[in-house]
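Novice: Quick one: the structure is below, questions incoming.
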């Protein structure tokens, strides 16, 4: 018998000063049994970093042909494709042919070897941005993860500040390829 997904209720007070976005975001997010908590945190950070009204969580790891998040236009075309993890360069390049803009939040235990092998193949893709976060930042958030997530996030000058409870965490948004 398959294990069920874990459901998280998320409320994020977002102040993205860099983009002029000030919103209260609410979402219900499922974490597949095969998904790590680190990846879930990265998906939530991606949602806040690239938030726009049409941005939606997809079926994620359950649907191999979809990204983690996307925004579609009224005509059904993919305007924004957001992937989390360390996919093969070919997958990202294919996505760049079908979406107006592609974002990859690169992260995971094999990040350094992935960067050596895959990142050079992605450097010429014009509609792609690859960013990452300090793994210690992600791990700190995992220790505070609860089924009811209440975050306050401020993004300014390429830095991300996240308040959870009485603690504040900060990280630089590391742009590897392109810009957000």
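Novice: Looking only at region 21-51, filter to residues that are in a loop (DSSP other than H, G, I, E, B) and modelled with pLDDT of 95 or more; which one of those is surrounded by the fewest Cβ atoms within 10 Å (Cβ to Cβ)? Write out each step before concluding.
Specialist: Residues of region 21-51 in a loop (DSSP other than H, G, I, E, B): 32-36, 50-51.
If we keep only those that are modelled with pLDDT of 95 or more as well, we get 50-51.
Numbers: 50: 21, 51: 19.
If we take residues in region 21-51 being in a loop (DSSP other than H, G, I, E, B) and modelled with pLDDT of 95 or more, then 51 is surrounded by the fewest Cβ atoms within 10 Å (Cβ to Cβ).
Novice: Among the candidates 72, 109, which residue alone is surrounded by fewer than 19 Cβ atoms within 10 Å (Cβ to Cβ), closer than 26 Å to residue 27 by Cβ and free of Cβ contacts under 8 Å to residues at least 24 places away in the same chain? Even if it seems obvious, please write down each step before you answer.
Specialist: On the way: 109 fails: closer than 26 Å to residue 27 by Cβ.
Exactly one of 72, 109 is surrounded by fewer than 19 Cβ atoms within 10 Å (Cβ to Cβ), closer than 26 Å to residue 27 by Cβ and free of Cβ contacts under 8 Å to residues at least 24 places away in the same chain, namely 72.
Novice: Could I ask something else about it? For region 93-180, which helices (runs of 4 or more DSSP H) that fit wholly inside it have 1 or more residues that are under 17 Å from the mean Cα position of the chain (by Cα) and more than 30 Å from residue 77 (Cβ to Cβ)?
Specialist: On the way: elements: 111-117, 119-122, 135-143.
Because the criterion is at least 1 residues that are under 17 Å from the mean Cα position of the chain (by Cα) and more than 30 Å from residue 77 (Cβ to Cβ), the helices (runs of 4 or more DSSP H) in region 93-180 that meet it are 111-117, 135-143.
Novice: May I pose another question? Can you find, within region 120-136, the residue that is farthest from residue 177 (Cα to Cα) among those that are touching a strand residue (DSSP E or B) at 6+ places or on another chain (Cβ under 6 Å) and surrounded by fewer than 17 Cβ atoms within 10 Å (Cβ to Cβ)?
Specialist: Step one: filter region 120-136 for residues touching a strand residue (DSSP E or B) at 6+ places or on another chain (Cβ under 6 Å), giving 122-123, 127-134.
This time we only want the ones that are surrounded by fewer than 17 Cβ atoms within 10 Å (Cβ to Cβ), so: 123, 127, 134.
On the way: 123: 6, 127: 10, 134: 16 Å.
This residue is 134.
The values are calculated or read from the model by the stated rules, or taken from the named source; none is laboratory data. Just so we're clear, the structure is a prediction, and the values are computed from it rather than from any experiment. A quick note on method: Cβ atoms are made from the backbone with ideal geometry, for glycine too, and the neighbour counts reach across all protein chains shown.
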